[in-house]
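This report refers to the structure that appears directly beneath it.
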Amino acid sequence: MSGTHHTRVLIIGSGPAGYTAAVYASRAMLKPILVQGMEPGGQLTTTTEVENWPGHTEIQGPELMVNMETHAKAMGAEIITDIITDLDLSKRPFVAKGDSGATYEAEAVILATGARAKWLGLPTEEKYKGFGVSACATCDGFFYRGQEIIVVGGGNTAVEEALFLTNFASKVTVIHRRDEFRAEKILIDRAEKNPKIEVMWDHVLEEVVGTDMPLGVEGVKVKNVKTGEVTELSAKGVFIAIGHAPASELVKDVLETHNGGYVKVEPGTTRTSIPGVFAAGDLTDHVYRQAVTSAGMGCMAALDAEKFLAEHEEAEPAAAVDAEKAPV
């Protein structure tokens, strides 16, 4: 899809934050364009059952995102399948370039590109994603009640996930390649005192072991980094907890960021360091990282954008009148 598209609000990203922003911007008669990006639907498309979305005791992640997209379209948002490869925020209207060759001009931009869990890159890790391998304990831990679980990692994320998973699991084994955690002391103390947590120091995950029909995890193979010895452990769930990376490549050199690349917003708002540019969801949130909090921020971003555009519409006609009155 080539050509130039003009819109008052351009939404980049199509997870809960992006689609919610599209619903609210549409209701405000802003006629937004939403560009879906590389992974339409975001991280929820890689999960199966979702049990923490209000209004649904259980819904499939991909189904939830299809519902959100349908809702945004019904409200009047234009949804475009494209990937933004360049974004010029130096002046308004802002200009975005798509992989399709299309150009998008907008008076305001809402960034909702999310974050991506970091993965180890193992073939068997990829094979069992969503079928026993996960990167979100709060999303999927509930499904492993009474089961043995593996957590891979050694920082705050890993220790927090392990502690959370003890609410459900019979045993949580943490696999860490070093001989000590890199987490905060208070978290380490809690983990050491928890009888359900066992740590295998100096080990790395080599392989996830499971069944094919149906797909399901049965255990893992781990290797001692000092001796090379491989050990097989039984487990029904494997949680990769080596951190998240915000998808901020488009703006990391333009907008103010913090905590390893998350876009910084003014407290209590979605306003970024450039007026007219707003950010919502996991792109800005290194703490909660939940679908429902992302959706809430998407709502905030649309309302912030609506207010910004209204204020500038009032200012621009006034400036034009002043120019007419000026002596020549």
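The values are calculated or read from the model by the stated rules, or taken from the named source; none is laboratory data. Fair warning: this is a prediction, and the values are worked out from it, not measured in the lab. Because the Cβ atoms are built from the backbone with ideal geometry, glycine has one as well, and the counts that use them run over all protein chains shown.
Remarks
- Flag: Glu180 matches the condition of being among the acidic types (Asp, Glu), farther than 24 Å from Pro214 by Cβ, in contact with a helix residue (DSSP H, G or I) (Cβ under 9 Å, 6 or more places away or on another chain) and loosely packed, with under 15 Cβ neighbours inside 10 Å.
- Some residue of the range 47-61 being over 26 Å from Phe131 (Cα atoms), crowded, with 18+ Cβ neighbours inside 10 Å and in contact (Cβ under 8 Å) with a residue 12 or more places away in the chain: no
- Of all residues in the range 202-218, those that are free of Cβ contacts under 8 Å to residues at least 60 places away in the same chain, of a type in the set (A, V, I, L, M) and either surrounded by 14 or more Cβ atoms within 10 Å (Cβ to Cβ) or touching a Gly at 6+ places or on another chain (Cβ under 8 Å) (or both) total 1.
- Residue within the range 204-215 that is touching a Ser or Thr at 6+ places or on another chain (Cβ under 6 Å), closer than 30 Å to Phe142 by Cβ and not β-branched (Val, Ile, Thr) present: yes
- Screening the candidates Lys129, Lys97 for the property of being over 30 Å from Val254 (Cβ atoms) and touching a Ser or Thr at 6+ places or on another chain (Cβ under 8 Å) yields one hit, Lys129.
- Index of the failed condition, Lys118 passing every other in (1) in contact (Cβ under 8 Å) with a residue 40 or more places away in the chain; (2) crowded, with 16+ Cβ neighbours inside 10 Å; (3) of a type in the set (Lys, Arg): (2)
- The range 186-201, residues that are over 11 Å from Thr173 (Cβ atoms), crowded, with 16+ Cβ neighbours inside 10 Å and either in contact with a strand residue (DSSP E or B) (Cβ under 8 Å, 6 or more places away or on another chain) or of a type in the set (Asp, Glu) (or both): Ala191
- Some residue of the range 262-269 being farther than 22 Å from Cys136 by Cβ, of a type in the set (A, V, I, L, M), more than 21 Å from the chain's Cα centre (by Cα) and surrounded by 14 or more Cβ atoms within 10 Å (Cβ to Cβ): no
Results for (1) touching a His at 6+ places or on another chain (Cβ under 7 Å); (2) in contact (Cβ under 8 Å) with a residue 60 or more places away in the chain; (3) farther than 27 Å from Asn259 by Cα, shown as yes or no for each residue.
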site: Phe142; (1), (2), (3): no, yes, yes
site: Gly146; (1), (2), (3): no, no, yes
site: Phe164; (1), (2), (3): no, no, no
site: Phe181; (1), (2), (3): no, no, no
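- Breaking point among (1) farther than 17 Å from Thr211 by Cα; (2) modelled with pLDDT under 95; (3) among the charged types (D, E, K, R), for Lys129: (1)
- Under the condition of being buried (at least 17 other Cβ atoms within 10 Å of the Cβ) and either closer than 17 Å to Tyr128 by Cα or not assigned by TED's automatic domain parsing to the domain that holds Val133 (or both), the residues counted in the range 219-232 number 3.
- Exclusive hit being among the aliphatic types (A, V, I, L, M), farther than 20 Å from Phe308 by Cβ and either touching a residue at least 60 places away in the same chain (Cβ under 8 Å) or not assigned by TED's automatic domain parsing to the domain that holds Ile274 (or both), set Ala72, Ala106, Ala102, Ala96: Ala102
- Criterion violated by Ser2 - all others in (1) out of contact with any Leu (no Cβ under 9 Å at 6 or more places or on another chain); (2) assigned to a strand (DSSP E or B) satisfied: (2)
- Condition met for Ala235 (over 22 Å from Val35 (Cα atoms), surrounded by 17 or more Cβ atoms within 10 Å (Cβ to Cβ) and in contact (Cβ under 8 Å) with a residue 40 or more places away in the chain): yes
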